[in-house]
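Here is the structure we will look at.
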Amino acid sequence: VRFRAETGDVRSMAFSPDGHVVATGHWDGSVKLWNVSSGRMLRAAPKGHRGVVLCLAFSTDGNGLVSGSADSSSKLWDVPTLQESLVVRGPGWVVSVAHNADANSFLTGFNDGTAIQWDASTGKNIRSFQGTGSAGQPKRGAPLLSVALGAAAAVTSSGDNMTLLWPHDEAETPQVLQGHQGWVVTTAFSPDGSKVLTGSHDNTARLWDAATGRQLHELSDPDHDVLAVGFSDDGALAIAGARDGSAMLWHASTGELLRKLPASPTTTIAAVSLASRLLLGILEPPPPKPNDDLAQCEARCAAQETR
């Protein structure tokens with residue numbers, strides 16, 4: 001599934017759990033749904049947000065979609081109609097989102113290092129997380145570039161190269177996922193919630209035990225920043241897409257590389273899906289790295305406000 005970033009102004013992308021629909025978020029604040037097989041646009045919300053749509057995530061049941069924007073809002077959408085069902089606002093730009101229908105909640109990560117878990121029915125703030133710091137201590141100011149929400153825990157990853165696994169039982173101490181040497185920009189739970197898959201600018205993907213935070217495998221075959229990760233429906237396979245357009249497929253239990261799709265220097269992979277088939281969400285030309293990207297967002301948002 002390929003989009004041209006400079007013409008379509010696509011900024012973010014996500015596949016539905018069944019792989020039939022892809023959602024795109026745009027610089028003009030619009031949110032769109034597309035049929036993966038035909039490439040036909042299904043529905044559009046042309047005024048979805050007042051700022052660029054920085055992140056998107058489908059609910060685990062595929063019926064809902066959450067979007068996050070530089071206008072500090074996050075919205076829930078009903079996928080069959082693309083009607084807005086809920087709006088929440090936080091302390092800054094929403095740079096990462098996750099949605100777990102089983103827990104009836106969604107998670108937003110902000111550019112000031114804060115994360116908030118919200119009730120998907122009422123919009124109530126269920127829990128707030130501080131960003132990560134050295135030795136797992138809270139630190140403000142590092143953007144939460146990736147979040148994930150499982151049935152028993154949440155994961156937050158920030159721009160200071162730290163990733164934390166937060167049990168939903170707030171009495172339990174969060175686990176620091178130690179190993180990555182670069183920004184962790186993409187995270188996913190396995191379907192059964194037993195594993196966490198992370199992708200980083202250190203050119204690796206890593207598999208973790210979701211109960212203990214122990215690293216299971218370092219998947220070091222990528223040759224560039226890993227921007228998108230996911231699992232197959234049964235959790236047996238792990239997939240990652242990289243900034244250079246390459247994609248890797250591993251056995252999730254052993255870490256064995258099963259297949260590597262070649263790189264394409266003019267494209268980057270922004271989303272992956274491994275439901276009934278392998279799907280890659282491709283942007284061309286490749287978007288800037290997060291530090292450059294946030295600066296570009298600030299410049300473009302300022303320009304839009306002056307119009």
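The values are calculated or read from the model by the stated rules, or taken from the named source; none is laboratory data. These numbers were taken from a predicted model, which means no experiment stands behind them. Positions of Cβ are backbone-derived with ideal geometry, glycine not excepted, and every protein chain shown enters the neighbour counts. Quick note on the areas: whole protein, heavy atoms, side chains included, nothing else; ligands and nucleic acids left out. Shrake-Rupley method; radii C 1.70, N 1.55, O 1.52, S 1.80 Å.
Worth a mention:
- Rolling a 1.4 Å probe over the protein heavy atoms gives the range 99-242 an accessible area of 37 Å² per residue.
- The Rg/Rh ratio for the range 26-166, using Cα coordinates for both the radius of gyration and the Kirkwood hydrodynamic radius, is 0.98.
- Full extension of the chain between Arg277 and Leu261 yields a length gain of 4.3 nm, computed as 0.36 nm times the residue separation minus the alpha carbon distance.
- Net charge, Val155 excluded, C-beta distance under 13 Å - Lys, Arg +1, Asp, Glu -1: +1
- Applied to the range 189-195, the Karplus parametrisation 6.51 cos²θ - 1.76 cosθ + 1.60 on θ = phi - 60° returns per-residue 3J(HN,Hα) values of 8, 5, x, 8, x, 7, 10 Hz, with x for Gly and Pro.
- Amide hydrogen proximity for Arg127: with H placed 1.01 Å from N in the peptide plane, the residues at 5 or more positions away or on another chain lying under 5 Å are Gln117.
- Loop-located trypsin sites (Lys or Arg not before Pro) across the range 37-90 with a Cβ neighbour count of 16 or fewer within 10 Å are Arg40, Lys47, Arg50, with loop assigned by DSSP.
- Euclidean distance between Cα centres, the range 84-99 to the range 166-223, Å: 23 Å
- Long-range HN-HN contacts of Ala120 with modeled amide H, under 5 Å: Ser105, Phe106
- Derived scalar couplings between HN and Hα for the range 150-161 equal x, 5, 10, 7, 10, 10, 10, 10, 10, x, 10, 6 Hz in order, rounded to whole Hz, by the Karplus curve 6.51 cos²θ - 1.76 cosθ + 1.60 (θ = phi - 60°), x for Gly and Pro.
- Close amide H contacts of Ser69 (hydrogens built in the peptide plane, cut-off under 5 Å, sequence separation of 5 or more or a different chain): Leu54, Val94.
- Percent breakdown of C-alpha pair distances by 10 Å bin, ordered from the shortest bin, for the chain: 7, 31, 40, 21, 2, 0
- Estimated dipole of the range 171-241 in Debye, rounded to 20 [Cβ of Lys and Arg +1, of Asp and Glu -1, Cα centre]: 160 debye
- Shape class of the range 170-242 from the Cα gyration tensor (axes a ≥ b ≥ c, square roots of the eigenvalues): oblate, since a/c reaches 1.5 or more and a/b does not exceed b/c.
- Linear extension gain, Thr122 paired with Asp9, 0.36 nm per residue minus alpha-carbon span: 37.5 nm
- Computed from phi, the 3J(HN,Hα) profile of the range 15-25 under the Karplus parametrisation 6.51, -1.76, 1.60 (θ = phi - 60°) reads 9, 5, x, 8, x, 8, 10, 10, 9, 10, x Hz, with x in place of Gly and Pro.
- Here the range 71-116 exposes an accessible surface that is 43 percent carbon and sulfur, computed with a 1.4 Å probe and the other protein chains kept in place.
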